[in-house]
Amino acid sequence: MQAKEFQRRILQYYQQYGRKHLPWQQNKTHYRVWVSEVMLQQTQVTTVIPYYLSFMERFPDLAALATANQDDVLAQWTGLGYYSRARNLHKCAQQVHFELNGKWPSNVEALEQLPGIGRSTAGAIHSLVTGQPATILDGNVKRVLCRFYAIEGWPGKPKVHKALWELADKLTPAQQVDHYNQAMMDLGATLCTRSKPQCDACPVQSGCAAFAAGTQKNYPTSKPKTNKPERSAIFIVAQYKQQILLEKRPEQGIWGGLWSLPQAEMDTSDDALASCLGMPLPPVTIQSLPAFRHTFSHFHLHIHPRKLVLSKKPRGVMDSDRWQWQDRSQLDALGMPGPIIQLLKNMEPAT
DNA sequence: AATCCGTGGCG
DNA sequence: TCGCCAAGGAT
């Protein structure tokens, strides 16, 4: 099948079945499309929608986001994952608002220089907002292309990745690129799905190499397996009256920039727990709460909570701005990891 | 180039 | 219960 015919069918598919009523497809602006594209990185539409609506209510425009505190931005992102996206989103807003006078770059190359915007996201923003030509290559497009051309090899491999970009470039039309790109993502998300693809309804079935061979399920080639290591840590729930001691995590690393519980090595004794927080007084009680496991993108973490009920609020090390006592009823005001929120929510109220 | 970075849904 | 992976980018 020639590129022209492929494009014609994809555009026809868009007319009939393309998604046109997603929240970020209404009142299209750079700001609204950009926020949606970043939220949609590695994240499915149904997960994003409630976050997107809430985010737009809290930060209706670029100025609102650029002038907000990072804590407020991360609080909106809580539970969505990949928190560097939120930090970069905030940085990017500040750059465009303060350094570019609110004017978004008018070409893909300049868009790609902004924090959190890579090649595919830049192409998506540019094409979807302006309608001008730009290539995208997200997970949906990759899956469609891998099947259509029966491409062997995991798409994460640089060689395969490069080949996919070249094919994507070659197939992208000069006209109606916004419709074409949207349709390719819709096709991948609704018909050419990972499991049980609905090939009967596919507009490019007749040219699909995988369909012809009946090997749709073999594409894209899956990632080589690597076992995730198991890690364990003590999480300290230091409670004074109705307040919990929180520690802001460093920007780099897991849960970067979020407020979490102070951590300790597994072999830390109960006596050492209090002192490692610099507490002058021993806590009234130390109680072990049920451990649970949380899985990240690349390791498992066994969380062993220790509850320390304090009779007096300690002073000292916690005077730095990375420490904060937060009222239990106001935990959602800060960006916090989902599992930590759950842990604190499940805990019985203090006596 | 390979690794790091979350979470939820699915079979 | 568990492995897989989904609208990727940064280092």
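The values are calculated or read from the model by the stated rules, or taken from the named source; none is laboratory data. As the structure is a computational prediction, the values presented were derived from the model and not from experiment. Backbone-built Cβ (ideal geometry, glycine too); neighbour counts: all protein chains shown. Surface areas here come from the heavy atoms of the whole protein model, side chains and all, with no ligands, DNA or RNA. Shrake-Rupley method; radii C 1.70, N 1.55, O 1.52, S 1.80 Å.
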Label-point separation (nm) for A:ILE286 and A:ALA213, each offset 7 Å from Cα along Cα-to-Cβ? 6.1 nm
What FRET efficiency do you get for A:ARG8 and A:SER54 if R0 is 45 Å and r is their Cβ-Cβ distance, rounded to the nearest 0.05? 0.70
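Quickly rank A:40-51, A:152-163 as a protection proxy: mean count of other C-beta atoms within 10 Å, highest first.
A:40-51, A:152-163
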Got a sec? Which residues in the stretch A:154-174 would a label at A:ARG119 touch, if it sits 7 Å along Cα→Cβ and we count backbone N under 11 Å? A:158-169
Can you tell me the orientation of helix A:119-130 relative to chain A, as the angle in degrees between its alpha-carbon axis and the longest Cα principal axis, to the nearest 10? 70 degrees
At the level of C-alpha centres, the distance separating the stretch A:142-175 and the stretch A:187-221, in angstrom, is 14 Å
Order of exposure, largest accessible area first, which applies to A:LYS345, A:LYS20 with probe 1.4 Å: A:LYS345, A:LYS20
Which of A:HIS30, A:HIS179, A:HIS294 ends up with the largest GNM mean-square fluctuation for chain A, with Cα atoms connected below 10 Å? A:HIS294
When the solvent-accessible surface of protein heavy atoms is calculated with a 1.4 angstrom probe, in what order do A:VAL309, A:VAL38 fall, highest first? A:VAL309, A:VAL38
One checks the Cα atoms of chain A and finds Rg and Dmax, in Å, of 24.2, 76
Assuming R0 = 35 Å, what is the FRET efficiency of A:LYS28 and A:ASN346, from their Cβ-Cβ distance, to the nearest 0.05? 0.25
The stretch A:53-110: trypsin sites (Lys or Arg not before Pro) in DSSP loop, at most 13 other beta carbons within 10 Å: A:LYS103
At most 15 other Cβ within 10 Å, DSSP loop - trypsin sites (Lys or Arg not before Pro), the stretch A:281-341: A:LYS312, A:ARG315, A:ARG322
Residues listed by number, the stretch A:291-307, amide nitrogen under 19 Å from A:ARG194 label point at 7 Å toward C-beta: A:295-300
Could you give the angle, 0 to 90 degrees to the nearest 10, between helix A:158-171's Cα long axis and the longest principal axis of the Cα atoms of chain A? 50 degrees
Nearest-5 percent of antiparallel DSSP beta bridges in the stretch A:226-325? 60 percent
Determine the percent antiparallel among the DSSP beta bridges restricted to chain A, to the nearest 5. 65 percent
Say a paramagnetic label sat at a point 7 Å from the Cα of A:ASP61, along Cα to Cβ; which residues of the stretch A:98-142 have their backbone N under 18 Å from it? A:98-105
What distance in nm lies between label points placed 7 Å from Cα along the C-beta direction at A:PHE98 and A:GLU265? 4.0 nm
Run down the lysines and flag those whose C-alpha is under 25 Å from the C-alpha of A:LYS248, throwing out any fewer than 8 positions away in its chain. A:LYS91, A:LYS307, A:LYS312, A:LYS313, A:LYS345
